[in-house]
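No lab work stands behind these numbers, since they all come straight from the coordinates. Computed from a prediction, not measured in an experiment: that's the story for all the values here. Counting neighbours? That spans all protein chains shown, and the Cβs are built from the backbone with ideal geometry, glycine included.
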Amino acid sequence: MPRFLHLADVHLGFDKYDSKERTKDFFLAFEDALQKYAIEAKVDFVVIAGDLFEHRIIQPNILNQAKLCLQLLKTAQIPVIAIEGNHDNRPYGIATNWLKYLADDGLVMLLEPDRAEEGGVMFEMWDGEAGGYIDLDCGVRVVGSRWYGASAPKAIERLAEAIQQLPPSPGQTVMLFHQGLEGQIARYQGAMRYTDLLPLKEAGVDYLALGHIHKSYIEQGWIFNPGSTEANSVEEANYDRGVFLVELSDRGIDAQLKQDYYQRPWVRLKLKARGQESTEDIEQSAIALVQTAIQSGELNPEIQPMVELRIEGQVGFDRLELDTRKLQQQLQQLSQALVFLLKYEADSVEFASPLAEDASRAQIEQEVFTDLLTAHNHYKNRASELAKGLIGLKEMQLESRSENELYQFVEELLESA
């Protein structure tokens, strides 16, 4: 029974957080997943359904990471079959890229269909240098594709027609396709509908190996997406994702999601501000929250996790009064996080007293100043008296009183209030 490993969205060279260690995490995840679920599992082949790299232009060390991992598979005599994704594809008119380089070096088979003369699509058998499909010794046919973006639905019709023109498959057919399926994650534009993919099933595809969306899912027993090998963002930290270890048999497809390989842990914390706290209270609450997470074992400083603290709710002071940079540095040191993300999303408390339709200018000014002061944690208990003082200060300014007089008036106002 043929067995293979399905990976997608490896994103070697990931550099979102400007951390060399975080970039290295993506290499370590890829290497460990291959070691455990390809080499030790003794699979017949490995497929990479797009986005091996984060960028089209890569640094030499990132290329070396890819070559090191792929050489492990070559030494173990496990063929690797890949397609381009949107991150590592060749722009139109460009003849080569780093995936093509790896194919020329004998480390991967880069499958991609050719364009037929009449404008359609055709598949040529892999000849050692190029091709759109390959029949493996284990009795499985693997078919490749390109990155089609928004034109994918139309491309599927041509791909399905081309697959039907191929000689009979020696067994089950696996197709690699870097595209997302509608309904899997929120706020994702451009995903394909299930009905868009059905022509491929009708053309004989038994296992559609997807990539692009970084969340694992299985649809109708023939569409499979393992998700990314590592979390590319804090939102993805809660996704099920990993690699699929797949066994094909007469009974059908057994795809097991494997996640027990090197991945840096994420810890997500949340602090709810209620509008009564001072800046010092917020800072101490944040520190206490991180300390509690450490004591409970949720956060282990020894392994330098990725940490996010989200401050939500309302604060009774101007938002800018909280020194978030200083607080972030304190929490980073306390948690020993590789990257500490402080998301300060609290709003200042707002008040709006009802005003009569015939309210005078003086009444409106009084209420506006009172509302502004009431929203501030330090001044809310003296809001009415201070509001009158601010109106007096305004009148003095209109009278062009000196700066010293204005300053003295403010001092006396604060002392008496």
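Data for the structure
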{"quantity": "Helical mean residue ellipticity (222 nm; -39500 (n - 2.57) per DSSP H run of 4+; nearest 500) of the chain", "calculated": "-10500 deg cm²/dmol"}
{"quantity": "Gain upon complete extension [Tyr17, Glu312; 0.36 nm per residue less C-alpha separation]", "calculated": "103.9 nm"}
{"quantity": "Taking Phe30, Phe409 and counting other C-beta atoms within 10 Å, the order from fewest to most", "calculated": "Phe409, Phe30"}
{"quantity": "Gap separating the Cα centres of region 1-77 and region 131-205, nearest whole Å", "calculated": "23"}
{"quantity": "Extension gain (nm, one decimal) between Asn61 and Cys138, 0.36 nm per residue minus Cα-Cα", "calculated": "24.3 nm"}
{"quantity": "Out-of-range pairs (alpha-carbon distance over 32 Å; input Lys67/Lys215; Lys16/Lys42; Lys24/Lys154)", "calculated": "Lys16/Lys42; Lys24/Lys154"}
{"quantity": "Beta bridges by DSSP in the chain, antiparallel share as percent, to the nearest 5", "calculated": "35"}
{"quantity": "Selected from Ala286, Met306, Tyr344, residue furthest toward positive end of dipole (region 266-348; charges at beta carbon)", "calculated": "Met306"}
{"quantity": "FRET efficiency, Lys394 to Gln259 (Cβ-Cβ, R0 60 Å, nearest 0.05)", "calculated": "0.40"}
{"quantity": "Projected label distance in nm at Ala186 and Tyr101, using a 7 Å step from Cα toward the beta-carbon", "calculated": "4.1"}
{"quantity": "Angstrom value of the Kirkwood radius, inverse mean 1/r, which spans all Cα pairs in the chain", "calculated": "25.4"}
{"quantity": "FRET E, pair Phe409, Asp347, Förster distance 30 Å, beta-carbon r, rounded to 0.05", "calculated": "0.40"}
{"quantity": "Sites Thr292 and Ala41 - FRET efficiency at Förster radius 60 Å, r taken between beta-carbons, to 0.05", "calculated": "0.90"}
{"quantity": "For region 1-47, size of Cβ-based charge dipole, Lys and Arg +1, Asp and Glu -1, in debye", "calculated": "100"}
